[in-house]
Amino acid sequence: MDADRTRGGIRLPEGSWWDWDVVDWNAGRLTLAAGYDLTYHHGLELVFSDPFFVNCPSAFHDPAFRAPSPEEIGRLTRRFGEEPPVVVAFQADAGGQEPVPCLIDGERLDIVEESVLRYWREDAAAGQRFAPWVRSPDR
């Protein structure tokens, strides 16, 4: 699913997306992963291409996605000199007493629903994806 020019709250595929964390972040991409328990695998990824602004914890639970406010859009526009193509806003449980407000701005957002293993498995099916840190014992 491609969510270019996202302004309203995003729609996630049906599933149990309670547990979230950052699985990859570099200058060109930010990937958030979700599942009901991130110990062994995750089943959903939000992939932001060319993230300009990221304000969220590295791990969180039960996000409530919402449309970004006009003030948030205005702040980002003033900061970067143009209206951002993709802005995703949400509140999430990060372990504190109150939900944390989160905001991510980037060039593009792709929502990927696919099982990604977080541990090495010899008998994995052909084409099975693994989290970026998972390596074969031979390597």
Checklist outcome for this item: Residues in the range 44-65 that are open to solvent by 70 Å² or more (accessible area, probe 1.4 Å) and either farther than 25 Å from GLU98 by Cα or outside any strand (DSSP E or B) (or both) total 3
Item to check | When residues of the range 84-139 are limited to those that are among the aromatic types (Phe, Trp, Tyr) and part of a loop (DSSP other than H, G, I, E, B), the one farthest from the chain's Cα centre (by Cα) | outcome: TRP120
Checklist outcome for this item: Filtering the range 66-92 for residues that are surrounded by fewer than 17 Cβ atoms within 10 Å (Cβ to Cβ) and closer than 18 Å to TRP17 by Cα leaves a count of 2
Next on the checklist: For the list (1) of a type in the set (Lys, Arg); (2) surrounded by fewer than 11 Cβ atoms within 10 Å (Cβ to Cβ); (3) at pLDDT 95 or above, I need the number of the one condition that ARG108 fails.
Outcome noted: (2)
Checklist entry - How many residues, within the range 9-39, are surrounded by 17 or more Cβ atoms within 10 Å (Cβ to Cβ), aliphatic (A, V, I, L, M) and either free of Cβ contacts under 8 Å to residues at least 40 places away in the same chain or closer than 23 Å to PRO68 by Cα (or both)? => result 5
Item to check | Members of the range 66-83 found to be in a loop (DSSP other than H, G, I, E, B) and aliphatic (A, V, I, L, M), listed by number | outcome: ALA67
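The values are calculated or read from the model by the stated rules, or taken from the named source; none is laboratory data. No experiment lies behind these values; they were computed from the predicted model shown. Using ideal geometry, Cβ is built from the backbone for each residue, glycine included, and neighbour counts are taken over all protein chains shown. All accessible areas refer to the heavy atoms of the entire protein, side chains included, with ligands and DNA or RNA removed. Shrake-Rupley method; radii C 1.70, N 1.55, O 1.52, S 1.80 Å.
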